[in-house]
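S.K.: For reference, the structure I am asking about is given below.
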Amino acid sequence: MNVNAASPRSRNGASPFSWHRVWAVIEKEWAESRRNKMILWTMALVPLFLVAMVLGTDYFMIRAEAKGQDMDEDEMPIPEQLQHLPRFEAFIIQMNEQYMFYMFIIPMMLPVYIAAYSIIGEKQTKTLEPLLATPISTWELLAAKTIAATSPAVVLTWISYAVMLVGLRFVVSPTVFFYSARAVWILAMLLLSPLLAFLSVLSGVIVSSRINDPRTAQQITGVFIVPIISVSLVVLAGKVFVSVQMVIYAAMVVLIVDLVALYFAVKVFQRETILTRWK
Amino acid sequence: MIRTEALTKRFPAAGRKGVENLAVEGLKLEVKKGEVFGFLGPNGAGKTTTVRMLCALIAPTEGSAWVAGYKVGPDNDAIRANVGILTETPGLYARLDAVANLSFFAKLYGVSDVSGQVAKYLKMLGLWERRNELVGSFSKGMQQKLAIARALLHEPPLLFLDEPTAGLDPESARVVRDYIEELCGEGRTFFLCTHNLNEADRLCDRIGVIKQRLIRVDTPQGLRTSLYGHEVSIRLRAVAPEHVAAVQALPFVQEVRSGDGRLSVKLDDPETNNPRVVRALVSTGADIQFVEEVEHSLESVYLDLMAQTREAAAA
């Protein structure tokens, strides 16, 4: 038999968790995504729009201020951490603090787009049964689908954040730039982006077990965006100024939600359930 | 190669708590190494469910099964590594080309020489020239051939084929059937689910007829004989009453019918007794033109078995 000796086999001939198989699925997922124009456009446009929105708003606000137009900055409540700064700079920082939350829309929105196509697409094209008939374990398949959907979104979030910082360097003053590039946001991007992306994919898996249309599954992203927008509005209102401690607490909460979602995702993502109950 | 003991599968009925639908009940079956075993039954008879249980895709509710030396349940991963399956639909990735489709599955099966094995089967199936084209552009027949190649990539000793020619035009079906026939000569064990009775007759060593329960298992010829016995048709220049009487007088003859210049004779052991029938007819002055065995189609065997099952259920 032509079976790879590099894939170690246990006493009964079964392979333990194999990263070869996980990687094979990831490669396949990415190859398919590259040929899916809907995914490509979504992946390109969402980060582009968000970065352009931050840079564009800052640029036009600063230009308008320079022309002497009233930006109503005096009406915005400024948190005490920014009170020592000139009013307009504090106002721009406050705006950017709010926009930073919008960056998390990328890891929340893109993975569920990819995951919905990756799982519901397999249901629609009836490729799941031949796939499940291979020696791949449920955990390997779930891990592969999750990594394939989360990693591009997480990397895109980091790239978008980096591009935004580079842009801000040219648009805003060094003081304003410092606030967007400070450790708390770097930590948030590193820690929260993967956790939120993971939650997004797991939700995609759970929703896919009940829904047959990728577009419907993608609409659940709307539900995720609501808490992000809500927190950003609290920040904009000057009630909260994001700190490292807050990011760590937020990461812990998301991690707990991730674990609960993982429990349900594993429960629905079983061979028999997928083959006989996913309609 | 396959052994099942009282294999049973029930599914929870959709939308009705506590109610179960019986898919397969008490299946007892043995398929030997190198055998081509056909599985016949109407839609919803439990053929696909049986294949899924034997391929370790779904768990039996009761009973046990051993596939390629491994027990269904504890050795599921090993079973999946050692069997190939052609599912009801080809289930190929339309956005990937033929090479990418096969390479993906070869990697999942742990094939050591992925490109070599992929090239071997693409050439064998006449798809090599179109290896870099997207599978979505392939005809149904080509997709089915590619799906068969996918099932063979890891050289499994046991292959499950679920409706391999369903939905194909006659020409594509013939290409696929010819290819399966070629494979059958290679010593692998085949478990073939089909609605196509000619296909089963042509390819299978033994046939099992199922409708939730296993109704009958035998060779195609054995099924015919068990249902209809042996029958010989003798064409005469002219049938006379003394010819009929002479044949009816023979002790091994069960039934004689005449009409259309023929005698239809049901008898035991035709190889031994046909010459005696011929001698009896000649002794009464009959001019014999042809003697041939009456072969009932597998279709009539199948339909009669189903009718018997319905009658038994109604009784």
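Read-outs throughout are calculated quantities, based only on the coordinates presented, and are distinct from any laboratory measurement. None of the values given here were measured: they were computed from a predicted structure. As a convention, Cβ positions derive from the backbone with ideal geometry for all residues, glycine included, and neighbour counts pool all protein chains shown.
S.K.: Specify the inter-centroid distance of segment B:241-315 and segment B:212-239, based on alpha-carbon positions, in whole Å.
M.R.: 10
S.K.: For segment A:54-135, state the average projected area of the convex hull of the C-alpha atoms over all orientations, rounded to one decimal in nm². Numbers along the way, then the final one.
M.R.: Details: hull surface 37.5 nm².
Result: 9.4 nm².
S.K.: Between segment B:1-64 and segment A:235-254, how far is it from one alpha carbon centroid to the other, in angstrom?
M.R.: Result: 55 Å between the Cα centres.
S.K.: Put a dot 7 Å past each Cα toward the Cβ at A:Val163 and B:Asp178; how far apart are the dots in nm?
M.R.: 5.5
S.K.: Considering every residue in A:21-30, what mean count of other chain Cβ atoms within 10 Å of its Cβ is obtained? Provide the component values of the computation, followed by the final result.
M.R.: Values: counts 4, 0, 1, 9, 3, 0, 4, 10, 0, 0.
The mean count of partner-chain Cβ atoms within 10 Å per residue comes to 3.
S.K.: Restricting things to Cα coordinates, could you compute the convex hull volume per residue of the protein assembly as shown in Å³? Mind dumping the intermediate values first?
M.R.: Working: hull volume 119.6 nm³, N = 594.
Here the figure is 201 Å³ per residue.
S.K.: Say we join alpha carbon atoms closer than 10 Å with springs in a Gaussian network model of chain A; which of A:Val154, A:Val112, A:Val231 then has the biggest fluctuation?
M.R.: Comparing A:Val154, A:Val112, A:Val231 in the GNM, the peak value goes to A:Val231.
S.K.: Could I ask something else about it? Identify which of B:Glu20, B:Glu30, B:Glu271 has the largest mean-square fluctuation in a Gaussian network model of chain B, with springs joining Cα atoms closer than 10 Å.
M.R.: Ranking B:Glu20, B:Glu30, B:Glu271 by mean-square fluctuation puts B:Glu271 first.
S.K.: Turning to a different aspect of this structure: When all alpha-carbon pairs of segment B:229-293 are counted, what percent fall beyond 15 Å? Numbers along the way, then the final one.
M.R.: Working: 806 of 2080 pairs.
That tail contains 39 percent of the Cα-Cα pairs.
S.K.: If you line up the long axis of helix B:170-184 against the longest principal axis of chain B, both from Cα atoms, how many degrees apart are they, to the nearest 10?
M.R.: Its long axis makes an angle of about 90 degrees.
S.K.: Distances longer than 25 Å among the Cα atoms of chain B: what percent of all pairs is that?
M.R.: Details: 29374 of 49455 pairs.
Cα-Cα pairs in chain B separated by more than 25 Å: 59 percent.
S.K.: In addition: Please grab the % of Cα pairs in segment B:12-131 that end up more than 24 Å from each other. Let's see the in-between values first.
M.R.: Numbers: 3167 of 7140 pairs.
So the portion of pairs separated by more than 24 Å is 44 percent.
S.K.: Which residue, A:Val253, A:Val205, A:Val176, tops the fluctuation ranking in a GNM of chain A built on C-alpha contacts under 10 Å?
M.R.: Checking each option, the largest mean-square fluctuation is seen for A:Val253.
S.K.: Separate question: Between B:Glu129 and B:Glu242, what length in nm is gained on full extension when 0.36 nm per residue of separation is reduced by their alpha carbon distance?
M.R.: Fully extending the segment from B:Glu129 to B:Glu242 adds 33.8 nm.
S.K.: Return the FRET efficiency for the residue pair A:Ser230, A:Ala44: r is the Cβ-Cβ distance, R0 is 30 Å, and the value is rounded to the nearest 0.05.
M.R.: Details: r = 27 Å, r/R0 = 0.91.
Plugging the Cβ-Cβ distance into 1/(1 + (r/R0)^6) gives 0.65.
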